[in-house]
Structures are given as structure tokens and as C-alpha cells.
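The values are calculated or read from the model by the stated rules, or taken from the named source; none is laboratory data. Just so it is clear, the structure is predicted and the values come from calculations on it, not from any experiment. Quick reminder, even Gly has a Cβ in these numbers, built from the backbone with ideal geometry, and neighbours come from all protein chains shown.
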Amino acid sequence: MLQVDLEKLRNDYSDKGIDLTTLPSAPIPLFSVWFEQAVESGISDPNGMVIATCAELAEISQRTVLMKSFDEKGICFYTNYTSRKSRQLNQNPHISGLFPWLALHRQVSFQGEVRIMDPEQSKRYFHSRPRGSQIGAWASRQSERMSGREELEQRVQELETRFAGREVPYPEFWGGFEIQPVRVEFWQGRNSRLHDRVVYSRSSIEENDWEVSLLNP
Ligand SMILES: Cc1cc2nc3c(=O)[nH]c(=O)nc-3n(C[C@H](O)[C@H](O)[C@H](O)COP(=O)(O)O)c2cc1C
């Protein structure tokens with residue numbers, strides 16, 4: 001039997017709210033401030049983002065990836081282009097990404113469309129990774145079934161021999177996606193469930209002007 005009373009498990013947040021008088025006109029400057037605060041707070045993996053993808057309506061799926069860069073154009077992460085998520089994104093580029101900064105009583109969610117990153121940028125990032133991660137990217141047929149761990153370890157050994165004494169080449173089946181947002185929501189926990197929610201939205205990824213709204217918690 002579970003010894004925890006889940007119905008009583010709740011946190012009443014005493015945090016200050018979002019300062020609505022100094023909101024920037026676009027979401028990324030605010031995201032940047034919150035992201036830096038998440039890093040400074042020392043929480044684990046502040047760049048961990050849960051992305052939801054969906055090719056068929058009955059097949060919505062989520063998983064964590066690491067944000068590796070961001071700017072006013074979008075939020076970038078890297079993955080295997082033959083993985084399940086990539087297969088779904090190739091069919092349907094719409095995506096949602098969530099930073100669940102629970103320890104800070106905050107979350108930020110992005111909704112938008114992905115675009116495949118310029119291969120030169122993916123290549124540059126690939127070569128900046130530790131050699132073990134580079135070999136790992138080659139070795140993993142991400143999201144495919146395997147007979148056991150030995151299969152993976154054997155492939156790693158073969159690749160280490162193949163690439164011994166030279167730079168690990170960039171695998172074309174691996175690289176970045178950029179989430180180009182059309183909606184970004186900031187959530188700040190507050191007392192008595194009267195949380196703050198600020199939403200930035202725009203009609204399309206080509207539009208430069210954002211509409212800012214407050215939502216009921
Ligand atoms: C903290 C954390 C960070 C992760 N970062 C990445 C990442 O940056 N890229 C990636 O492809 N998978 C990453 N993963 C693994 C994914 O969550 C997922 O298992 C993998 O990408 C396969 O997903 P798919 O089968 O839906 O394509 C991470 C997992 C965790 C828990």
C-alpha cells in the first residue's frame with residue numbers, strides 16, 4: 001500500500017508573481033532571464049525540455065531532450081534523424097516543448113513548428129561533443145529494437161576500431177531541430193492556486209509582433 005496521501009500532497013507557493021509592468025514585447029528575453037535563473041538555482045538539467053510530437057492523432061508521444069541553444073528565432077535540440085520523434089516530426093512538424101522547472105515553481109511551454117537545422121551548425125556542435133558521445137551517436141540506432149545491450153556494445157567496439165586515430169566523422173543521420181514558436185506560456189506558482197500565466201502568441205512564424213495576454217490560472 002502506498003504510504004503517501006496523494007490528495008494532501010500539495011505545495012502552496014509563496015513566490016512573487018511575474019512583474020507585469022516590465023514584460024518585454026517578445027518572449028525570448030523573458031525566457032532568457034528565467035533560464036539563467038534556473039541555471040543559477042543549481043537544479044538538475046535546467047535545459048531539459050519535454051517535447052511532444054504527433055504524427056497520427058492516436059500516437060502522441062513525449063520525451064526529454066536537452067536544449068543546446070536558443071535565440072529569438074527558436075529553441076534547438078539535437079537527436080537522431082531516424083528516431084521515432086524525428087519520424088513523427090517529418091510527417092508533422094508541429095511540436096510542443098516544456099521546461100518543467102518544478103523546484104522553482106515555474107514552467108515555460110513552447111508551441112510551434114520545427115525546422116531541420118543547417119547541417120553545418122549540426123556538424124560544428126557534433127565535433128564539440130566528447131568523443132564517446134560522438135561514437136555513441138554512430139552506435140545507436142535510436143528507437144529501434146535491439147536484441148540486448150551486447151549488440152550496442154559490440155557496435156561501439158567496431159566503431160572505435162574503425163575511427164581509431166582519426167576524427168569521428170559527422171553522421172548525416174544525426175543533427176539538430178529548431179522549434180520556431182508561435183505560442184510561449186510562462187507559469188509562475190503563487191499562493192492559493194492563484195498562479196500567474198502570461199502567454200505570448202503570434203499568428204505565424206513569419207510574424208514579428210507578439211500579442212501578450214494573461215490567462216486565468
Ligand atoms: C535528461 C535527459 C536528456 C535527454 N536528452 C536527449 C537529447 O538531447 N536528444 C535525444 O535524442 N534524446 C535525449 N534523451 C533521450 C530521450 O528522452 C529519448 O529517450 C530518445 O530521444 C528517444 O526518443 P524517441 O524514441 O521518442 O525518438 C534524453 C533523456 C533524458 C532523461
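Only one of these is part of a strand (DSSP E or B) and either in contact (Cβ under 8 Å) with a residue 40 or more places away in the chain or loosely packed, with under 14 Cβ neighbours inside 10 Å (or both): S44, S14, S96. Name it. Steps first, answer last, please.
Values: S44 fails: part of a strand (DSSP E or B); S14 fails: part of a strand (DSSP E or B).
When all the criteria are applied, what remains is S96.
Using beta carbons and a limit of 8 Å, which pairs, at least six apart or on different chains, have the first residue in the range 60-79 and free of Cβ contacts under 8 Å to residues at least 12 places away in the same chain and on the phi > 0 side of the Ramachandran plot and the second one aromatic (F, W, Y) and assigned to a strand (DSSP E or B)?
If the second residue must be aromatic (F, W, Y) and assigned to a strand (DSSP E or B), no pairs are left.
The rows are residues; the columns are (1) surrounded by 15 or more Cβ atoms within 10 Å (Cβ to Cβ); (2) over 27 Å from W34 (Cα atoms); (3) at pLDDT below 95.
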residue: E56; (1), (2), (3): no, yes, yes
residue: E59; (1), (2), (3): no, yes, yes
residue: G74; (1), (2), (3): yes, no, no
residue: Q88; (1), (2), (3): yes, yes, no
residue: W101; (1), (2), (3): yes, no, no
residue: V108; (1), (2), (3): yes, no, no
residue: P119; (1), (2), (3): no, yes, no
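Determine whether the range 24-35 contains at least one residue that is in contact with a helix residue (DSSP H, G or I) (Cβ under 9 Å, 6 or more places away or on another chain), closer than 30 Å to F126 by Cβ and either in a loop (DSSP other than H, G, I, E, B) or in contact (Cβ under 8 Å) with a residue 24 or more places away in the chain (or both). Spell out the reasoning first.
Quick first cut of the range 24-35, residues in contact with a helix residue (DSSP H, G or I) (Cβ under 9 Å, 6 or more places away or on another chain) only: 24, 34.
Restricting the remaining residues to those that are closer than 30 Å to F126 by Cβ gives 34.
With either in a loop (DSSP other than H, G, I, E, B) or in contact (Cβ under 8 Å) with a residue 24 or more places away in the chain (or both) added as a condition, the list becomes 34.
Scanning the range 24-35 turns up at least one residue that is in contact with a helix residue (DSSP H, G or I) (Cβ under 9 Å, 6 or more places away or on another chain), closer than 30 Å to F126 by Cβ and either in a loop (DSSP other than H, G, I, E, B) or in contact (Cβ under 8 Å) with a residue 24 or more places away in the chain (or both).
Determine whether the range 149-170 contains at least one residue that is more than 13 Å from the ligand (Cβ to nearest atom) and either under 30 Å from P217 (Cβ atoms) or surrounded by 18 or more Cβ atoms within 10 Å (Cβ to Cβ) (or both). Even if it seems obvious, please write down each step before you answer.
Quick first cut of the range 149-170, residues more than 13 Å from the ligand (Cβ to nearest atom) only: 149-170.
Narrowing the set further to residues that are either under 30 Å from P217 (Cβ atoms) or surrounded by 18 or more Cβ atoms within 10 Å (Cβ to Cβ) (or both) leaves 168, 170.
Taking every residue of the range 149-170 in turn, at least one turns out to be more than 13 Å from the ligand (Cβ to nearest atom) and either under 30 Å from P217 (Cβ atoms) or surrounded by 18 or more Cβ atoms within 10 Å (Cβ to Cβ) (or both).
Which of (1) among the hydroxyl-bearing types (S, T, Y); (2) out of contact with any strand residue (DSSP E or B) (no Cβ under 8 Å at 6 or more places or on another chain); (3) more than 9 Å from the ligand (Cβ to nearest atom) does S83 not meet, given it meets every other one?
It is condition (3) that S83 fails.
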